[in-house]
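Colleague: My structure is below; once you've seen it, I'll send some questions.
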Amino acid sequence: MTSPEKATATVGRKRNHKLDEAILESAIDILAEAGFDGMTMDMVSTQAKVGKATVYRRWSSKAELVRDAMVHMSRNSLNIEHLPDTGTLRSDLMALLKPHSLEYSERKLKVLAGLGSFYAGYQEIAEDAMQGIFEPWSVLNRTLMLRAQERGEISPQADIDMACEIIVAMVTYHSRIEHRVFSKEDYAALLDHILLPALKHAEG
């Protein structure tokens, strides 16, 4: 008879996160090359050098895999594990964005431009993707802004929630309407010309 301890260990076998990452990276590569409509689970499994059953054990559909690949790609652009403390809000906010090569930016742009029917055909899953992409960033932005407010760097009346919403709106506009990556330069311009002046000089 199998002992309870052994049965528990078998059922609760740890997921191979390196394998997950390899599959997600392969999905991103395929999206950049073939787009959502041209991508198949067979193509992803071949690229990742795993069996198709291995992919389907983790993601039951292409749309769900694309959702998680988009979140993975976005989080690779952010230092979400580290809350910066540079002494100024601007530098803290900018420090959340990782520097990336031109090759990475072009790959990301190709993925965003090739999503095709993903948004229209899988609305609920696409909304989950957007939440997964933006929620961690918004939480960190809000934390940094509240800390700046406590030290008197921005106004006590500053609308921090709206500032976080504007950042999300601008990133979404750049990617979905203009079909281009929201760059570090774009973010700096948004902070310098709109958000930081508004946060510093807000009145009740």
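The values are calculated or read from the model by the stated rules, or taken from the named source; none is laboratory data. Values in this document were obtained by computation on a predicted structure and should not be read as measured data. Cβ: placed from backbone, ideal geometry, glycine included. Neighbour counts: every protein chain shown. Heads up: the accessible areas ignore ligands, DNA and RNA and are worked out on the full protein's heavy atoms, side chains in. Shrake-Rupley method; radii C 1.70, N 1.55, O 1.52, S 1.80 Å.
Colleague: Calculate, in nm to one decimal, what residue 20 and residue 184 gain on full extension: separation in residues at 0.36 nm each, minus their alpha carbon distance.
Modeller: Working: separation 164, 0.36 × 164 = 59.04 nm, distance 2.83 nm.
That works out to 56.2 nm of additional length.
Colleague: Here's a follow-up. Which number do you get for Rg(Cα) / (2.2 N^0.38 Å) in segment 145-204? Show your work: numbers first, answer last.
Modeller: Details: Rg = 12.7 Å, N = 60, 2.2 N^0.38 = 10.4 Å.
Relative to the rule-of-thumb radius for its length, segment 145-204 sits at 1.22.
Colleague: Let me ask something else. Leaving ligands, DNA and RNA out of it, work out the accessible area of residue 104 with a 1.4 Å probe and give it in Å² to the nearest 10.
Modeller: Counting only protein heavy atoms, the figure is 40 Å².
Colleague: Quick check: with the 1.4 Å probe, what order do 18, 62, 98 take by accessible area, largest first?
Modeller: Ranked list, largest accessible area first: 18, 98, 62.
Colleague: So what is the diffusion coefficient of the chain in µm² per second by Stokes-Einstein at 25 °C and 0.890 mPa s, using a Kirkwood Rh over Cα pairs?
Modeller: The Stokes-Einstein estimate is 129 µm²/s.
Colleague: If Rh is defined by the Kirkwood formula over all Cα pairs and Rg also comes from Cα, what ratio Rg/Rh do you get for segment 98-176?
Modeller: Reported Rg/Rh, Kirkwood definition of Rh: 1.07.
Colleague: Given a 1.4 angstrom probe, what's the average accessible area per residue across the chain, in square angstrom?
Modeller: Using a 1.4 Å probe on heavy atoms only, each residue of the chain averages 57 Å².
Colleague: Hey, another quick one. So, in the chain, how many Lys pairs have Cα atoms under 15 Å apart, if the pair is 8 or more places apart or on different chains? Numbers along the way, then the final one.
Modeller: Numbers: 6/14; 18/49; 52/62; 98/108; 98/184; 108/184.
Close lysine pairs under the 15 Å cut-off: 6.
Colleague: Whenever you get a sec, line up 145, 130 from highest to lowest accessible area (probe 1.4 Å, protein heavy atoms).
Modeller: So the residues, ranked largest to smallest area, are 130, 145.
Colleague: About the Cα centre, and with charges only on the beta carbon of Lys, Arg (+1) and Asp, Glu (-1), how big is the dipole of the chain? Nearest 20 debye, please.
Modeller: The dipole magnitude comes to about 840 debye.
Colleague: Using only helices, what value at 222 nm comes out for the chain when you add -39,500 (n - 2.57) per DSSP H run of length 4 or more and divide by the total residues, to the nearest 500 deg cm²/dmol?
Modeller: For the chain, the value works out to -20000 deg cm²/dmol.
Colleague: Now for a different question. With a 1.4 Å probe and all protein chains kept in place, how do 92, 68 rank by accessible area, largest first? Present the calculation step by step, with values, prior to reporting the outcome.
Modeller: Numbers: 92 0, 68 50 Å².
From most exposed to least exposed: 68, 92.
Colleague: Considering only protein heavy atoms, what is the solvent-accessible area of residue 75 at a probe of 1.4 Å, reported in Å² to the nearest 10?
Modeller: Residue 75 exposes around 90 Å² with every protein chain in place.
Colleague: Taking 0.36 nm per residue of separation and subtracting the Cα-Cα distance, what length does fully extending residue 119 through residue 58 add?
Modeller: Answer, rounded to one decimal: 19.8 nm.
Colleague: For the chain, give the percent of accessible area contributed by carbon and sulfur heavy atoms, probe 1.4 Å, rounded to a whole number. Provide the component values of the computation, followed by the final result.
Modeller: Values: 6190 of 11600 Å².
That share works out to 53 percent.
Colleague: Using 7 Å Cα-to-Cβ label points, what is the residue 165/residue 83 separation (nm, one decimal)?
Modeller: 2.4
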